[in-house]
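See structure below.
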Protein chains: 4
Amino acid sequence: MTTASIIGGSGYGGGELLRLLLSHPHIEVKQATSRSHLGEYVYQVHPNLRKQTQLKFSDPATLEPVDVLFLAQPHGQAQHHIEQYAKLGSKIIDLAADFRLRDPAFYEQWYGEKHAAPEWLARFVYGLPELHRAELANANYVSGVGCNATASNLALLPLVKADLLDKSFPVFIEVKVGSSESGAEGNAGSHHAERANVIRTFSAFGHRHTAEVMQEMCVEQVSLTMTAVDLVRGVLATAHAKVKPGVATKDLWKAYRAVANENPFVRIVKEQRGIYRVPEPKILAGTNYADLGFELDEDSGHIVSICAIDNLMKGAAGSAVQCMNLMLGWAETTGLEFTGLHPI
Amino acid sequence: MTTASIIGGSGYGGGELLRLLLSHPHIEVKQATSRSHLGEYVYQVHPNLRKQTQLKFSDPATLEPVDVLFLAQPHGQAQHHIEQYAKLGSKIIDLAADFRLRDPAFYEQWYGEKHAAPEWLARFVYGLPELHRAELANANYVSGVGCNATASNLALLPLVKADLLDKSFPVFIEVKVGSSESGAEGNAGSHHAERANVIRTFSAFGHRHTAEVMQEMCVEQVSLTMTAVDLVRGVLATAHAKVKPGVATKDLWKAYRAVANENPFVRIVKEQRGIYRVPEPKILAGTNYADLGFELDEDSGHIVSICAIDNLMKGAAGSAVQCMNLMLGWAETTGLEFTGLHPI
Amino acid sequence: MTTASIIGGSGYGGGELLRLLLSHPHIEVKQATSRSHLGEYVYQVHPNLRKQTQLKFSDPATLEPVDVLFLAQPHGQAQHHIEQYAKLGSKIIDLAADFRLRDPAFYEQWYGEKHAAPEWLARFVYGLPELHRAELANANYVSGVGCNATASNLALLPLVKADLLDKSFPVFIEVKVGSSESGAEGNAGSHHAERANVIRTFSAFGHRHTAEVMQEMCVEQVSLTMTAVDLVRGVLATAHAKVKPGVATKDLWKAYRAVANENPFVRIVKEQRGIYRVPEPKILAGTNYADLGFELDEDSGHIVSICAIDNLMKGAAGSAVQCMNLMLGWAETTGLEFTGLHPI
Amino acid sequence: MTTASIIGGSGYGGGELLRLLLSHPHIEVKQATSRSHLGEYVYQVHPNLRKQTQLKFSDPATLEPVDVLFLAQPHGQAQHHIEQYAKLGSKIIDLAADFRLRDPAFYEQWYGEKHAAPEWLARFVYGLPELHRAELANANYVSGVGCNATASNLALLPLVKADLLDKSFPVFIEVKVGSSESGAEGNAGSHHAERANVIRTFSAFGHRHTAEVMQEMCVEQVSLTMTAVDLVRGVLATAHAKVKPGVATKDLWKAYRAVANENPFVRIVKEQRGIYRVPEPKILAGTNYADLGFELDEDSGHIVSICAIDNLMKGAAGSAVQCMNLMLGWAETTGLEFTGLHPI
């Protein structure tokens, strides 16, 4: 068995990792750390793991070396301790935003402060298999992905890959998100009585995940507009862009099918009948799928490209485990087979 | 105009009071205090009041005398300052639990500590007009009502008033509640991601509001079992009890109709067709209604009596304003005319 | 008292009209028709009206002349009967889409069929007071407004009125909607188990309300992309557009303030602190407000303009009553004073 | 591989069965029938199965013999065709209510009509492994379980098994349910705008599942009171009963632990800290767990016993697959390993 530990196991990303790793056929989970829940059973914080494990949260100071070390801390921690972590895990997968951007100057621009370990940025591979599958096979250090960036990147991927996008025109991405995105800590606005029933456009411009879309999709003019809705898990990115002159719906089908065929967790949802005609995050809860859909206004070239994911899975822990599978030479879908529920 | 101020205006009860008093035809609101939101516009905390008032939250130390002083602080504050408050308001209406119980020993039994101003307990009238209308007309000091107690008391009222209850048999009341009941402060369990979708029986026995049911309904054997569900406003109390031998459905109709006829805010909901056949809190949001329904198993004498209310209205601020109307000789329904919404 | 009747009173728009008219100080409601609920009490269908009225739904064939006749039928009915209706009401306010567009050819283009009474189109005033206040004062026939069109039009109004919009650039409007928008009839997709928790982009292009935005805002390049979310009442329109070169945030403040000052039901929500910093439909349930907000990226000229409304109020019955007030020379806000609830 | 088919695959129970069987290691799914969705891909109705199967819904008339035939039709169908079905499957597992009750007279009493195949009732084993594990190993015909009955039966099981219940006292079970319980067809009351936010006590007495509790727990005086809440999947049964004189909390721990130890899908949830201290259905979505909790008032002997399940899993398809595992000699938990999600 390959050994793995998680630093920061009591948050939502850490909990989802624990769920996946505890049932992964090739992994033995050694430790999960948490300062705020030190000594508590993992299942007291993540009640879905009751009767699955007797593991207790341990002190980060007690960490022992493992084959794969997962970092699931709040943003800004990992870059200060990466040298130490590198001694604990020969392979490191970070779920936070510390090592997602390649360029220290770009990092500083978006995060408002200098990176604490800029020399490490280039050693990390951006952890989205749909973009970096080949590199991941040889990587030792893999970054996390922003959940909103992932939905946005995958909405754009078929267009960028097939070079169908008119990049002189800005890309507007409307991202709708559930409440688990803000993390387990919560804030005044996440109190149920305030957060229930919302349609709250909490950020019109400048969300940090925008930087990941610019970097990975090589687009300059792109904005993410964020709206919170009444849902726990899920992200829907609706990207508005312009295709090059002459691009028709059949070209789009070809581009989207190519991406779906190359990637086991990408599906096209574009039906003429039934209730579920377009990508929807609710049926993806717990799965690693990214569902893609699109509509083109052939007159104007306006394309609406849609991607739905579970923010804690494809947008965090699921992609991390998928990366691990690739890094260790296992089947890419191992431990990620859950198909999701209907109705839900 | 009659002047009124609110101590503790930034909580949910205080906010609902502000909504009601600002549109009350006979009231001029002078001050609303809040330490945590001092100096902020009232509408920044209670966004429904935007364009209604330019009032700002003030310091409790700056309070000036008014005709009616409302206390909307967390439990346990008012009893320590009641002497001082009595100098500020010739009439005082408290929304908290400080002056609900008549007997200091009973208070200590349920609240686990001695009352700080036991001599004041007897000066307060329990603030539910359906129980104490006549006394309220002459009262200067009126207590608040527990929202769960109110739903429970009104579910039992027709049975108690018509003496139909077999009191040798215990009364089990299942109370389902929304998230606004826990107050504006919130806690770990009120984070939307944890609180959404719940059916959480957080208290099987011993809820403090039980004491108010025992006191007001004169029943010894009664328990409240509390379950949180996914709703912001609303309480539904489903009381299970036993009627005296021979009591039939027609007797119940008579008893419930009598209560509905005497009380402008009590309605019977017991339909044979349509979607809304039974009392439901969702359609009561913002209203002062208490909707009652019942079913009797004539074979066993098992009665299920149901009461739905909005916990912030009939269960708090609405009853308080109704009491004020009675205390000041105004029409009981003044300022409480909102009928509620459908659908919602 | 002025008399009024409603044709089609059992739907959601009709129910909201009934709520408003029954409590309107100058109106006496004579009849509300419904074929499917003929003979039932109004409160059996709209349970919020229990104890408010003993009115029963009547047969449209029994309608008697009134001062104001409201039409709240499904789209496509009114145009076939308008001659007859004109004999029953000297003033007619339609909530449906039959008389919203001025140009029969434009109607045919968007609704896919010839209009049945094209000569009537020019006699109707588009029923949004924020756009046509002066004309409404002298109007006898007033059309309804599309709820999505209303949120979109009001999001654009300050920009169009102050001529700040770069119309060479397309306007993309992302509209998020609750489930009451689809009407009381429902469909397979509106079953709670399927409709709960959704983020469902059910229409990327071509929503019929687009035509109302084109007509009223005089923009050619505009699209509405519709996404259903888990909420009952409410629409949020997030409009993405480009301002003219040199337009700065201070120009926008001026333009938005002008609109808010001229219109009693328009508010600007743009706060730096607190939970409610941007327009949100949830706190507007039952109110006639349109809350506006905006953010400008001064570098690119990309503006995000936001409007939140209650689809059944400002987007339907509320605007209709506001129109009636103007048509009859009453204060514009009469009967529309409800401020909304917090929390909700 | 063992072959299986499903009659009635487009409903919610049928869909959940399909999800479980398609990923079951020992099962090959041959056919799933649906008249209303004939010829459609299974994933068009159950979108979680996209990219899992290319199976299409087939006509019941085309069914070929299989090893295990699952019946997932609406109640009342199977009893008319059981002779024919017995020729198609050597083992039959019914999810409907047709064969749950042993006594034809008792069936008639609760279902209001004579059973169409009374001679078959005794051939079926009641399909809850926690009650009939040994019999199931040798059974060819297994009935479904009512979801509300299952939550109720498992809430009572430790008390009944350890003979702690004072049966002279009635058992009141308050059952709270999500919207998937009413099936995929829906009705007027299941429209999202009407069903959202509900706390709707739709049945005070007489729910048909009561009969299964009487039969399986051997209690005479028992009532189920049903309340719909805003959730898609999940049932919580809160049973109020009286224990025999002298029974203490430690006796209950012993009784509940015994049941949890004997049954792989039963867990006790009774924590002193954390958010999840009591059984809650939301974290059970998609799992086969039944979580049990209890509180005893030692003074009065009043016990509150709680059971949470996913109505489509432990309350329907999950128990059916668990039965199949037992009937075929496979590990009881095969194909039922999903642990559920947190948060959700």
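No lab work stands behind these numbers, since they all come straight from the coordinates. This is a predicted model, so every value here is computed, not measured. Quick reminder, even Gly has a Cβ in these numbers, built from the backbone with ideal geometry, and neighbours come from all protein chains shown.
Once label points are set 7 Å from the Cα along Cα→Cβ at both D:GLU135 and C:LEU38, what is their separation, rounded to one decimal in nm?
5.3
What does the net charge come to around D:PHE265 if you take all other residues with beta carbon closer than 12 Å to its beta carbon, with K and R at +1 and D and E at -1?
In short, -1.
Set the Förster distance to 56 Å, then compute FRET efficiency between D:GLU298 and C:LYS244 from the Cβ-Cβ distance, nearest 0.05.
Numbers: r = 77 Å, r/R0 = 1.37.
Rounded to the nearest 0.05, the efficiency is 0.15.
If you take the charge dipole of region D:137-188 about its Cα centre, with +1 on Lys and Arg Cβ and -1 on Asp and Glu Cβ, which of D:GLY183, D:SER152, D:ALA137 is farthest toward its positive end?
Selected residue: D:ALA137.
Go ahead and run the numbers for FRET between C:LYS114 and C:THR3, Cβ-Cβ distance against an R0 of 41 Å, rounding to 0.05.
Values: r = 34 Å, r/R0 = 0.84.
That gives a FRET efficiency of 0.75.
Using a cut-off of under 18 Å, list every residue of region A:262-289 whose amide N is near the label point 7 Å from the Cα of A:THR333 along the Cα-to-beta-carbon line.
Residues passing the 18 Å test: A:262-269, A:284-289.
Sorted from shortest, what are the nm distances separating the label point of B:ALA86 from equivalent points in the other copies, each placed 7 Å from Cα along Cα to C-beta?
From this label point to the equivalent ones elsewhere in the assembly: 7.3, 7.4, 8.4 nm.
Tell me the net charge near A:ILE309. Cut-off is 12 Å between Cβ atoms, A:ILE309 excluded, with +1 for each Lys or Arg and -1 for each Asp or Glu.
Numbers: positive: A:LYS176, A:ARG233, A:ARG267, A:LYS282, A:LYS314; negative: A:GLU130, A:GLU181, A:GLU280, A:ASP291, A:ASP310.
The answer is 0.
Please compute the net charge surrounding D:TRP120, taking Lys and Arg as +1 and Asp and Glu as -1 over other residues with Cβ under 9 Å from its Cβ.
-2
So what is the relative contact order of region A:2-123, in percent, for Cα pairs below 8 Å that sit 6 or more residues apart?
On the way: 209 pairs, mean separation 27.8, N = 122.
Here the relative contact order equals 23 percent.
Would you be so kind as to identify which of D:HIS302, D:HIS342, D:PRO281 lies farthest towards the positive end of the dipole of region D:192-344, taking Lys and Arg as +1 and Asp and Glu as -1 on Cβ and the Cα centre as origin?
D:HIS342
Does region D:99-167 classify as rounded, prolate or oblate by the C-alpha gyration tensor (a ≥ b ≥ c root eigenvalues; a/c under 1.5 gives rounded; else a/b over b/c gives prolate, otherwise oblate)?
Numbers: a/c = 2.27, a/b = 1.37, b/c = 1.65.
Note, shape of region D:99-167 comes out oblate.
Would you mind computing, in nm to one decimal, how far apart the modelled labels at C:PHE205 and C:ASP251 are, each placed 7 Å from Cα along Cα→Cβ?
Inter-label distance under the simple model: 3.0 nm.
Along Cα→Cβ at 7 Å, what distances in nm separate the A:PRO25 label point from those on the other copies, shortest first?
0.8, 7.6, 7.6
Taking only Cα atoms and a 10 Å spring cutoff, compute GNM fluctuations for chain D and point out the largest among D:ASN148, D:ASN187, D:ASN138.
Checking each option, the largest mean-square fluctuation is seen for D:ASN187.
Quick one: 3J(HN,Hα) in Hz for region A:154-165, Karplus 6.51/-1.76/1.60 with θ = phi - 60°, rounded, Gly and Pro as x.
Those phi angles translate into 6, 5, 8, 3, x, 5, 6, 5, 8, 6, 9, 8 Hz.
Under a straight-distance cross-link criterion of Cα-Cα below 21 Å, which lysines are reachable from C:LYS254, leaving out those fewer than 8 residues away in the same chain?
B:LYS51, C:LYS161, C:LYS167, C:LYS242, C:LYS244, C:LYS270
Under 24 Å Cα-Cα from B:LYS91, which lysines qualify once same-chain neighbours fewer than 8 residues away are excluded?
Once the sequence-local lysines are set aside, what remains near B:LYS91 is B:LYS30, B:LYS56, B:LYS314.
With N denoting the number of residues in the protein assembly as shown, provide Rg(C-alpha) divided by 2.2 N^0.38 Å, to two decimal places. Each step should come with its number before you reach the end.
Working: Rg = 31.3 Å, N = 1376, 2.2 N^0.38 = 34.3 Å.
Rounded to two decimals, the normalised Rg is 0.91.
Hey, what angle do you get for helix D:318-327 against the long axis of chain D, alpha-carbon based, 0 to 90 degrees rounded to 10?
It is inclined by approximately 80 degrees.
Treating only the Cβ atoms of Lys and Arg (+1) and Asp and Glu (-1) as charged, compute the dipole magnitude of region A:267-344 about its Cα centre; round to the nearest 20 debye. Mind dumping the intermediate values first?
Details: 6 positive and 10 negative charges, 59 e Å.
Approximately 280 debye in magnitude.
Only sites in a loop by DSSP and with at most 10 other Cβ atoms within 10 Å count here; which GluC sites (Glu not before Pro) in region A:92-181 make the cut? Don't skip to the end; give the middle numbers.
Details: sites: A:GLU108, A:GLU113, A:GLU119, A:GLU130, A:GLU135, A:GLU174, A:GLU181; in loops: A:GLU113.
Listed in order of number, the matching sites are A:GLU113.
Once label points are set 7 Å from the Cα along Cα→Cβ at both A:ARG123 and A:GLU185, what is their separation, rounded to one decimal in nm?
Once both label points are built, they end up 2.7 nm from each other.
D:THR62 label point, 7 Å along Cα→Cβ, cut-off 12 Å on backbone N: hits in region D:1-31?
Answer for region D:1-31: D:31.
Name the trypsin sites (Lys or Arg not before Pro) in region D:236-344 that are in a loop by DSSP and that have at most 10 other C-beta atoms within 10 Å, would you?
Those that pass, being in a loop and sparsely packed, are D:ARG273.
Given a Förster radius of 25 Å and the C-beta distance between B:PHE106 and B:GLU262 as r, what FRET efficiency does 1/(1 + (r/R0)^6) yield to the nearest 0.05?
On the way: r = 28 Å, r/R0 = 1.12.
About 0.35, to the nearest 0.05.
Work out the charge dipole of region D:28-140 with +1 on the Cβ of Lys and Arg and -1 on the Cβ of Asp and Glu about the Cα centre, then indicate which of D:LEU71, D:ALA122, D:TYR43 is farthest towards its positive end.
Sorting the options by dipole projection puts first D:TYR43.
Run the dipole for the protein assembly as shown about the Cα centre, Lys and Arg Cβ at +1, Asp and Glu Cβ at -1, nothing else charged, and hand back the magnitude in debye, nearest 20. Kindly include the intermediate steps, with their values, before the conclusion.
On the way: 124 positive and 148 negative charges, 0 e Å.
Result for the protein assembly as shown is approximately 0 debye, rounded to the nearest 20.
With only Lys, Arg, Asp and Glu charged, each at its Cβ (+1 for the first two, -1 for the last two), find how big the charge dipole of region B:214-321 is about the Cα centre; round to the nearest 20 debye. Provide the component values of the computation, followed by the final result.
Working: 12 positive and 13 negative charges, 61 e Å.
Result for region B:214-321 is approximately 300 debye, rounded to the nearest 20.
Taking Rh as the Kirkwood radius, which is the inverse of the mean 1/r over Cα pairs, what is the Rg/Rh value for region B:55-155? Can you show the working numbers first?
Values: Rg = 13.8 Å, Rh = 14.3 Å.
Here the Rg-to-Rh quotient is 0.97.
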